[in-house]
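I have placed the structure first, in the form of structure tokens, so that the comments after it can refer back to it.
Here, each number is a calculation from the coordinates, and none is a lab measurement. Keep in mind it's a predicted model, so treat the numbers as computed, not measured.
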Amino acid sequence: WFGDGSKSLLMLPQEYYGTFDLVVIDLITFVVNSLKVTEVLSILDVSSLFLKPEGILIQNEDFVIRNKVDFAQYTVDLEVYDVPMLNQWSITMGSETVDLLHQTQKDHGVETIIF
């Protein structure tokens, strides 16, 4: 089971449900959509259960052309080009309550470094 998210997710206590601010799914898109944790719930479905109502879920996307994104009320796609080895990195961020495009920015005091 070690390294198999579809089995490891079931080992986490149910007390964790609804307590995470951020969940990151770093798997190939077709794996996230096809592997089932239960007979009806995918890795994406179960990962979403861990989020607080204002939590954000982030998942890798394999290609620029997106599938229908329907795992959250508000979603944003991010494309990063010229990434070493891959030349492209794509993620989709989603939240049920946080409007990712119109949210007031908050300065967390982290210095931005641009190379």
Legend entry - Amide H contacts of V24 (H built 1.01 Å from N, under 5 Å, at least 5 apart or other chain): I58
Legend entry - Share antiparallel - DSSP beta bridges, the chain, percent rounded to 5: 75 percent
Inset, instruction - Subtracting the Cα-Cα distance from 0.36 nm times the residue separation, let me have the gained length for L41 to D99 in nm, one decimal. - result: 18.3 nm
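Once you have the Cα-Cα distance between L12 and L78, take 0.36 nm times their residue separation minus that, and quote the gain in nm to one decimal.
Once the chain is fully extended between L12 and L78, it gains 20.8 nm.
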Legend entry - Percent of alpha-carbon pairs separated by more than 19 Å within the chain: 53 percent
